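Presented below is the structure to which this report refers.
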Amino acid sequence: MYLMLNKPRGVITSAADEKGRDTVYSLLPPDKPWLTPVGRLDKASEGLLLFTNDSEWNARVTDPATHLDKTYHVQIAAVADTHLNESLERGVKTEHGEILLCKRVTLLRTGEKNSWLELTLDEGKNRQIRRIFDTLGIEVLRLIRVSIGPLQLGHLPKGAHRPLTHAELAALNLAMR
C-alpha cells in the first residue's frame with residue numbers, strides 16, 4: 001500500500017508521542033493496515049508525506065544514493081536577493097563545519113519583509129533547510145514540501161490522504177533508477 005498525506009503544521013511524524021501531541025497516524029483511518037512514514041517532516045513543517053507497508057520501497061525512496069529531488073516552498077523572514085540564492089546553491093557552512101546546500105533555488109515572490117522561495121534538495125539531511133537558514137540568521141516562517149521526485153502534492157487538502165495511482169508509483173520508481 002502506498003499513500004500520500006498532506007501533513008498539517010503542528011502534527012508530529014511519529015506513531016506515538018509521550019507528550020500527547022497529535023501524530024500523523026491520527027489522520028489515517030484506523031482500518032488501514034500498519035503503514036510507516038517514508039521519511040519525516042518536523043512538527044513545524046507541512047506538506048507531502050508518503051506512507052507505505054513496503055519496507056524495501058521505503059528504504060529505496062529514503063536512500064541518499066537515489067538523489068530523489070524533494071521540493072519545498074519556504075517563506076523566510078527576509079527579502080531574498082540574488083546573493084542569497086547563490087549562497088544557498090553554493091552551500092552554507094554550519095558552525096560544525098558541515099556544508100549544506102540546495103540543488104536549485106527559485107524566488108517565487110517577495111514582499112517588503114519576507115519572501116517565498118522554492119528550494120530543491122537531492123539529499124535529505126535532518127532539518128537541512130531550517131539549519132541552512134539558522135546559520136544565515138534568517139527565520140523560516142513556513143516550510144511546505146510540495147513534491148518528492150515526480151510526485152506532486154497538488155490540491156490535496158491539509159490533513160487529507162489518498163492512495164498513489166499506478167502511474168504515480170511507476171513514475172516514482174522510474175525516477176529512482
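Brief remarks follow.
- Euclidean distance between Cα centres, the stretch 2-21 to the stretch 69-121, Å: 26 Å
- Solvent exposure ordering (accessible area, 1.4 Å, most first) of 82, 62: 82, 62
- 28, 119, ranked by accessible area, largest first (probe 1.4 Å): 28, 119
- The H on the amide N of residue 141, modeled in the peptide plane, is under 5 Å from the matching H of 75, 76, 77, each at least 5 residues off or on a different chain.
- Annotation note: chymotrypsin sites (Phe, Trp or Tyr not before Pro) in the stretch 1-94 located in DSSP loop regions with a Cβ neighbour count of at most 13 within 10 Å are 34.
- Most positive-pole-ward Cα, 85, 119, 65, against dipole of the stretch 54-177 from beta carbon charges: 119
- For residue 83, solvent-accessible area (1.4 Å; no DNA, RNA or ligand), Å²: 120 Å²
- Put simply, the stretch 27-177 fits an ellipsoid with semi-axes of 29, 17, 14 Å; these come from the alpha carbon gyration tensor as the roots of five times its eigenvalues, largest first.
- The protection proxy used here, the mean number of other Cβ atoms lying within 10 Å of each residue, ranks peptides 158-165, 13-20 as follows, highest first: 158-165, 13-20.
- Rolling a 1.4 Å probe over the protein chains gives residue 104 an accessible area of about 110 Å².
- When you restrict to C-alpha pairs under 8 Å that are six or more residues apart and normalise by the size of the chain, the relative contact order lands at 29 percent.
- Accessible area of residue 81 in the full protein assembly, 1.4 Å probe (Å², nearest 10): 80 Å²
- Other-chain or far-sequence residues with amide H under 5 Å of residue 69's (modelled H): 149
- Solvent-accessible heavy-atom area per residue, rounded to whole Å², over the chain at 1.4 Å: 53 Å²
- Cα-centre dipole for the chain with unit charges at Cβ (Lys and Arg positive, Asp and Glu negative), debye to 20: 240 debye
- Under 23 Å from residue 7, Cα to Cα: lysines that are on another chain or at least 8 residues apart: 19, 32, 43, 70, 125, 158
The values are calculated or read from the model by the stated rules, or taken from the named source; none is laboratory data. Model, not experiment: these values are computed from the prediction. Positions of Cβ are backbone-derived with ideal geometry, glycine not excepted, and every protein chain shown enters the neighbour counts. Just the protein is used for accessible areas: all its heavy atoms, side chains included, with ligands, DNA and RNA removed. Shrake-Rupley method; radii C 1.70, N 1.55, O 1.52, S 1.80 Å.
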